[in-house]
Structures are given as C-alpha cells and as structure tokens.
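Remarks on the structure that follows.
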Ligand SMILES: Nc1ncnc2c1ncn2[C@@H]1O[C@H](COP(=O)(O)OP(=O)(O)OP(=O)(O)O)[C@@H](O)[C@H]1O
Ligand SMILES: [Mg+2]
C-alpha cells in the first residue's frame, strides 16, 4: 500500500509545524491547511486517509467542516483536536462522525495511536468495499414505517388531509412521530412547494412568542431594531406547524383565535392587516381536552385547531410495527455512523418488542444508535441491548432482573474503564461518551490507574 496521507488543519503555525515534522518522521505523507476552506479544498484534491482537525478555525466552525468532510462516498477518518475539552463538544463531534477526539496539549503517542487505528479501519474498508458496489443502504427520508391497522388508518388520514386545507391537530406521546406526520401531510399536498414552517411554542420565551408568530415592526418594543416577518408570514401559502401548542400562554391563545377566525393578523406594532394564507397543523403531547376542562386551554381555540385530528398511538400499542421500524432505523443509523448493521439477534428483537418505550420511536432510535456504536460486528446482540434497556427504565418493559454490572459487587472504576475501553476498541471518544466523562478526565484516570494507551502497550519495551 502507498504511504498513507494525512491532512493537518490548524491555524496555529507553531503547533502545525511541530505535528507536521513529527508525523513526517513517522513515515506519513503530510499535507497542511490553516483554514476551513483550505481544508475542504485539500481534502477534495488529496483524498487523505486521515484528517487531523482543530475545531477552532478562523473562518468556519470545525464541527461544520467535520460534517462536510464526512459526507461523500469514502470519507476520511477525522481526529479532532481542541483546547475546548468539554463533554458537549466531544459528544457532538463523535456524533457528527469524528473518529477520535484529542485535547490539547497533544500527547503525540495518543495521536499516533489514534492514527494507526484509523488507518487499520480504512484498510479494512478498502478490502470490504470493492469499487462500484451499489449502495443498498438507501432509505427514503421522511418515510413513516408501520403496517399495523392503526398506522394504516393514519396513512389514509394523511391522504385525506393532504387533499384539503382544514386545520389539523396531531396528538401523541413524545417521540411518536407527530412532526413526521405533519410533514407528510404537507409534502403530499398540492402546495408542497410552498414553505413548511415549524415553531415550537414551548421553546420560546413567552413575551417573544407573539412576535415570532406574527412578526413585528421596527420600534414596536425595546430591541425591535428593525421590522421582522413572523412565522405566519414566512409560511406563505404553505403549512405552519405549531408544535407543543398546549404551551401557548392564555393571552396569546386569544390572539391566535382571532387570527384563525378573521384570517387576518397584524405584526406587533403594525397597522396594516396581513392575510393568513397558511394552513395550520398543530401538535401536542398533552391532553388538550383535559386542559380545556381545567381552563388552561381555550375551548373555542381547541375547536378551531382540531377541525380534523390525528391520534398517533404509542409504540407499545403497536408492537407489530417494531421489527419494521428497527430495520428502517438501522439503515438510517448505519448511513449516519458509516457503520453497517446487518441485523438484530432474535433475543434482542424480542426484548425490544416487550419493552414499554416511554420515549416511543425517538427513544428506539437513540437506543439503536447506542447499540450500533457499542456493537463489535454487524449484528446487534442481546448482550448489547439488555443493559441499555434495563438501565434507562429499570424494571419497566422487561421481565428479567437487570444484569450486571448493576446488581453485582461494585466493579472498580479501573475495571469499568478498562472494560469500556476494550468494548469500544480503545476509541477514546466513544469511551468518554459511554463513561460520561470528558477526555481530560479519562486521561487523568488512565494515568491514575496505570492504564496505558494501546499503542504504548503494543510497543512494550
Ligand atoms: N413510524 C415511524 N417510522 C419511521 N420513523 C419514525 C416513525 N415515527 C417516528 N419516527 C422517527 O422518530 C423520531 C421522532 O419523530 P418526531 O420528531 O416526528 O416525533 P414527535 O412526536 O414530534 O416527538 P416530540 O413530541 O418529542 O416532539 C424522528 O426521527 C422520526 O423520523
Ligand atoms: Mg416534535
């Protein structure tokens, strides 16, 4: 095999030179870039095996660059280096497809160890994927999976509702696919080329929600330095999706009701009435009827919004859909993680069917993502899923007692770290994520417990 090519991206000349010299001495082809744009250009022309990327760059965020590098057919492995070693960035980086995450000051042994592991994987990938092999990983974005009677009813309803413009209320527990259904109604309709605008009514502070919805004129309130369109205007003749509509404060409910009745609205501080052209789809995971009974939600608004309703049943009430959804999600996750999962062991599938899924499909997706990261081969085994499902909601949904390590004599921290490191093949980023600690903490603990990095062990002098 030809000399492996590395691309180092860092805007600090001194650290760039140091690394370049060191890695060149180790026998790599080394190219350098000092900005994000240069990095993308060189990655395109040189097709490096590994990119060593500083997250803090002058022109663009390193995480953005990372995502861009990881697109495409055979993306390079990316090792992130940074001085900002917090858990959040680590997780985000690993999620966005970083291979490893190394804090500054860089321990060169650790870096070389990561490079060697990345190159090993890239050799494996080349052996496994002969050029031109069709990708069978395709899945349609936004597809709603299900074959139960309940889901079939929902598909039919989507068909009916996409043909007319009545307001729709979508009800369902968290993670059941409410937004997915709202988007499907929009994208199957005749006005699918118009905007679909989503606003989460619970995520915006109360006194800004009105101007978010209706827009405002310059000077309407302190801080309104220029006029701004609201979501009703931005949605044009498309769909306005009011997520978590139950969280709209009572005073604003009155204004919203008036808009729906009169098909007209004013920007905050504005005088010219604007036409309401968008179709409204609202969603809630709360019981709006009982909120109406308690006086927390206006009854008249409730009726305006729920001309048609779609109720999505929780996942535990449509167990027969679980295997299909699992297959679908695994394809999607496999594409995201660049880690192909072929299937799920029968015992693991049975466990997932029995589980109660309080977080519904979103929780299923999270669990499968974690399982895909933890699993060694291409099959998700029950050994991997069992602790994931027991840990999140102990005792719920499974009829077996939780397995080790929880109810065994406490595993020492050293043993735990070693076990996790072995499970993730010494991928420090993944180990941190699983252990719930930051990179520097992991380094310190490894030193404390005398756990040596794998490269140093291999070299055992
Ligand atoms: N039937 C389904 N088939 C495939 N994917 C699904 C299905 N239902 C939900 N999902 C996926 O699960 C995730 C959660 O869906 P979505 O965001 O639509 O749920 P939600 O009900 O709006 O959740 P929340 O109440 O948390 O806002 C998404 O990634 C979505 O693609
Ligand atoms: Mg949602």
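Return one number: the angle in degrees, 0 to 90 and rounded to the nearest 10, between the long axis of the Cα atoms of helix 250-262 and the longest principal axis of the Cα atoms of the chain. Taking Cα atoms only, the helix is inclined about 60 degrees.
Using helices alone, I'd like the mean residue ellipticity at 222 nm for the chain: each DSSP H run of four-plus residues gives -39500 (n - 2.57), total over residue count, nearest 500.
Details: 20 runs with 211 residues, N = 461.
My calculation for the chain gives -13500 deg cm²/dmol from helical runs alone.
For segment 5-133, the relative contact order comes to 20 percent (Cα pairs under 8 Å, sequence separation of at least 6).
Using the alpha-carbon atoms, what tilt in degrees (0 to 90, nearest 10) does helix 178-187 show relative to the longest principal axis of the chain? Compared with the principal axis, the helix lies near 70 degrees.
Counting every other Cβ atom within 10 Å of each residue's Cβ, 361, 166, 384 order from fewest to most as 166, 384, 361.
Using only alpha carbon pairs under 8 Å that are at least six residues apart, calculate the relative contact order of the chain and give it in whole percent. Walk me through the numbers before you get to the answer.
Details: 704 pairs, mean separation 65.2, N = 461.
Averaging sequence separation for qualifying contacts and normalising by length gives 14 percent for the chain.
Helix 382-392 axis versus longest C-alpha principal axis of the chain: approximately 50°, rounded to the nearest ten. Antiparallel DSSP bridges in the chain: what percent, to the nearest 5? Within the chain, antiparallel bridges account for around 10 percent of the total.
Take every DSSP beta bridge whose two residues both sit in segment 149-315; close to 20 percent of them are antiparallel. Expressed to the nearest 5 percent, the antiparallel share of DSSP beta bridges inside segment 5-133 is 5 percent.
Over segment 288-367, what relative contact order in percent results from Cα pairs under 8 Å that are six or more residues apart?
Numbers: 36 pairs, mean separation 24.7, N = 80.
Dividing the mean separation by the residue count of segment 288-367 yields 31 percent.
The numbers here are math on the coordinates, done by the rules we state, and not lab data. What you see is a predicted model, and the numbers here were worked out from it, not measured in a lab. Glycine gets a Cβ as well: all are built from the backbone with ideal geometry, and neighbour counts include every protein chain shown.
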